[in-house]
Amino acid sequence: MESNFEALAEAWPRILDGLWITLQLTLGGALLAMVIAVVLGLGSRLHNIVLRGLCRAIMEFFRGTSLVVQLFFFFFVLPQLGLALPAMVCGILGLGLNYGAYAAEVVRGSINSVPTGQWEATTALSMSKSQQMIRVIFPQAWALMIPSLTNYLIHMLKGTAIVSFITLADLTYHTEQLREQTDTFFAYGVSLVIYFVIAYILTLIMNALEVRAKHRLGRGESLREALTPKTPETAAAEGGRKA
Amino acid sequence: MNGLWDWDAAWAVLPELLLAFVQVTLIVTVLSTAIAAVLGLFIAILRMSVPKPIAAVITFIGDFIRMTPIVVQLLFAYWTFLTIEPLTIGIVVFGIHYSTYMAEVYRAGIDSVPKGQWEATTALSMSKRRAWTAVIVPQALRATVPALGNYAISMFKDTPFLLTIGVVEMVRAGLTFGGNNFRYMEAITLAGVIFLLASYPTSLLISRLEKRLAYNY
């Protein structure tokens, strides 16, 4: 056991480097995915049938061809076409496009489930199209879409574990190296626990975003209220509502 | 050989891809889906019939498996059970990983069975076992079929992760061909096309099934 922890302490700086690569891919991929999701999600609600069809086709294309295929396409095939991108860019592109296409469906669905009365109200207030979307519809859809986006964010984090095949030394790669000095169980245990902790933190952040989004719509408590621990008396005063 | 697309290379790699598709990708998808569907149902029922602290432990283990990468789980199992064939390891790991998703689907399905159905089984003095098998599960399954189908598709698209433990599935076959011939274009593109051709019609079918099975109590 002693040597396991010694090896871990020795490898720790490298594991942190790998963790940094994993986080860059996850967050970079998430940002790109969000941009793509909003563009395609709004695009697939357009009246213009050509643009709408194009957006849907792009969505189905990136959802239907596997993530790994896309990563390898960017890394192995694009250089043959004279476009050699750095591995990190390939990784972020692959993750962002794949999960952006999934999230676009979430964006589209959430916008569609904002009640029609809200649309009618924006017309009654003679808001412009962009005002409608930015000030009324999207904030409400945003609160609806966060739980599904959280799922895809975790999927994306898990998807990054393949990137050592496009030469990126991520968390998985460095725990593979660690295995050579320690028990198999120990090395992968460390790896799995680190991934789980990141996933858990990401989930907490997304839950906080959801509480904030709902509070801004005037539903539910603010983030600060949600985070303050409740004494039994205040909880009772709220009618025993779940915190 | 320097053109954008070389049909000779495409025809040369296609049989290899299709062979890997049938021998690995399809087999893993079918067998792992079966494992996940059965194990998931077992987990969901188990969690509802044991005392709360034990249920909490089962839920935690499920969350842990679901929130950590399948690649790491594959490698873990591969290096732990070196004597077992990688393909078998892949099938079992995919089955277990996705069973944690399916357990959630079943839980939602079981929750969606109206309370009156439970009360009816009590009124008919059915045994607990009979209540589950004859009344609750058949109704819960109906609500879960589309979700299970969607997870099967997502598993199908995850099968390339098997290349991390040396299983020659479709993408691996494509990469090997690409490496030997210095041309990745045709192999990788065709692999993507095969994935798309197989998964898109299936997902259309499932969404039609979803509409047909939509059930109003």
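Using a ≥ b ≥ c from the Cα gyration tensor of the range A:78-198 (square roots of the eigenvalues), is it rounded, prolate or oblate, where a/c under 1.5 gives rounded and otherwise the larger of a/b and b/c decides, a/b for prolate? Note, shape of the range A:78-198 comes out oblate. Go through B:Val135, B:Ala147, B:Met67 and say which Cα lies farthest out towards the positive end of the charge dipole of the range B:7-213; charges sit on Cβ, +1 for Lys and Arg, -1 for Asp and Glu. In the range B:7-213, that residue is B:Val135. Over the range B:7-213, accessible surface divided per residue gives 48 Å², non-protein components excluded, 1.4 Å probe. Burial here means at least 30 square angstrom less accessible surface with every protein chain in place than with the chain by itself, probed at 1.4 Å; in the range A:127-166 the buried residues are A:His155, A:Lys158, A:Ala161, A:Ile162, A:Phe165.
For the protein assembly as shown, the normalised intensity computed at q = 0.10, 0.12 Å⁻¹ comes to -0.87, -1.22 (log10 of I(q)/I(0), Debye sum over alpha carbons, equal scatterers, no solvent).
Treating the beta-carbon of each Lys and Arg as +1 and of each Asp and Glu as -1, no other charges, what is the dipole magnitude of the protein assembly as shown about its Cα centre, to the nearest 20 debye?
The dipole magnitude comes to about 1960 debye.
Estimated translational diffusion coefficient (Stokes-Einstein, Kirkwood radius over Cα pairs, 10 °C, 1.306 mPa s) of the range A:41-103: 127 µm² per second. Kirkwood hydrodynamic radius (Cα pairs, Å) of the range A:23-150? Radius from the Kirkwood sum: 15.8 Å. Legend: mean number of C-beta atoms from other chains within 10 angstrom of residue C-beta atoms, peptide B:74-86, equals 3.
When only alpha carbons are used to place a centre, the range B:1-37 and the range A:158-183 end up 26 Å from one another.
Shape of the range A:20-75 from its Cα gyration tensor (a ≥ b ≥ c, root eigenvalues): rounded if a/c is under 1.5, otherwise prolate when a/b > b/c, or oblate? Display every interim value, and only then the final one.
Details: a/c = 4.03, a/b = 1.72, b/c = 2.35.
It is oblate, given that a/c is not under 1.5 and a/b is not larger than b/c.
The share of Cα pairs per 5 Å bin across the range A:143-208, counted from zero up to the longest distance, runs 4, 16, 22, 20, 16, 10, 7, 3, 1, 0 percent.
Applying a 10 Å radius around every beta-carbon, put A:130-141, B:89-100 in order of their mean neighbour count, most first. Please report the intermediate quantities before stating the final value.
Numbers: A:130-141: 15.7, B:89-100: 23.1.
Packing order, densest peptide first, comes out as B:89-100, A:130-141.
How big is the charge dipole of the range A:98-200 about its Cα centre, in debye rounded to the nearest 20, if each Lys and Arg gets +1 on its Cβ and each Asp and Glu gets -1 on its Cβ?
Numbers: 5 positive and 6 negative charges, 91 e Å.
The dipole magnitude comes to about 440 debye.
Each Lys and Arg Cβ is given +1 and each Asp and Glu Cβ -1; about its Cα centre, chain A then shows a dipole of about 1320 debye.
What shape does the range B:145-217 take by its C-alpha gyration tensor, where a ≥ b ≥ c are the square roots of the eigenvalues and a/c under 1.5 counts as rounded, a/b above b/c as prolate, and the rest as oblate? It is oblate, given that a/c is not under 1.5 and a/b is not larger than b/c.
Which net charge results for the neighbourhood of B:Trp11, defined as the other residues with beta-carbon distances under 13 angstrom from its beta-carbon, given Lys and Arg at +1 and Asp and Glu at -1? Show your work: numbers first, answer last.
Working: positive: B:Arg183; negative: B:Asp6, B:Asp8, B:Glu16, B:Glu186.
Local charge sum for B:Trp11: -3.
What total accessible surface area, summed over both chains, is buried at the interface between chains B and A, computed with a 1.4 Å probe and given in Å² to the nearest 100?
On the way: alone 12680 and 14000 Å², together 23390 Å².
For chain B against chain A, roughly 3300 Å² becomes buried.
Please give the contour-minus-distance gain from A:Gln24 to A:Glu10: 0.36 nm per residue of separation, less the Cα-Cα distance, rounded to one decimal in nm.
Working: separation 14, 0.36 × 14 = 5.04 nm, distance 2.34 nm.
Result for the pair: 2.7 nm of gain on full extension.
Report the semi-axes of the equivalent ellipsoid for chain B in whole Å, largest first, where each axis is √(5λ) for an eigenvalue λ of the Cα gyration tensor.
Numbers: eigenvalues 333, 88, 27 Å².
Values for chain B, descending: 41, 21, 12 Å.
Each of A:Phe62, A:Val89, A:Ile137 was placed along the dipole of chain A (beta-carbon charges, centred on the mean Cα), and the one lying farthest toward the positive end is A:Ile137.
In terms of overall dimensions, chain A has a Cα radius of gyration and Dmax of 22.1, 72 angstrom. Candidates A:Leu192, A:His155, A:Leu46 compared by Cα position along the dipole of the protein assembly as shown: farthest toward the positive end lies A:Leu46, with charges placed on Cβ. How many percent of all Cα-Cα pairs in the range B:127-181 sit more than 16 Å apart? I get 63 percent for the Cα pairs in the range B:127-181 exceeding 16 Å. With a cut-off of 14 Å between beta carbons, the residues surrounding A:Glu60 carry a summed charge of +4, where Lys and Arg count +1 and Asp and Glu -1. Restricting the calculation to Cα atoms, the range B:98-159 yields a radius of gyration followed by a Dmax of 14.1, 47 Å.
The values are calculated or read from the model by the stated rules, or taken from the named source; none is laboratory data. Quantities reported herein were computed from a predicted structural model and do not represent experimental measurements. With ideal geometry, Cβ positions are generated from the backbone for all residues, glycine too; neighbour counts draw on all protein chains shown. Ligands, DNA and RNA are excluded from the accessible area calculation, which covers all protein heavy atoms including side chains. Shrake-Rupley method; radii C 1.70, N 1.55, O 1.52, S 1.80 Å.
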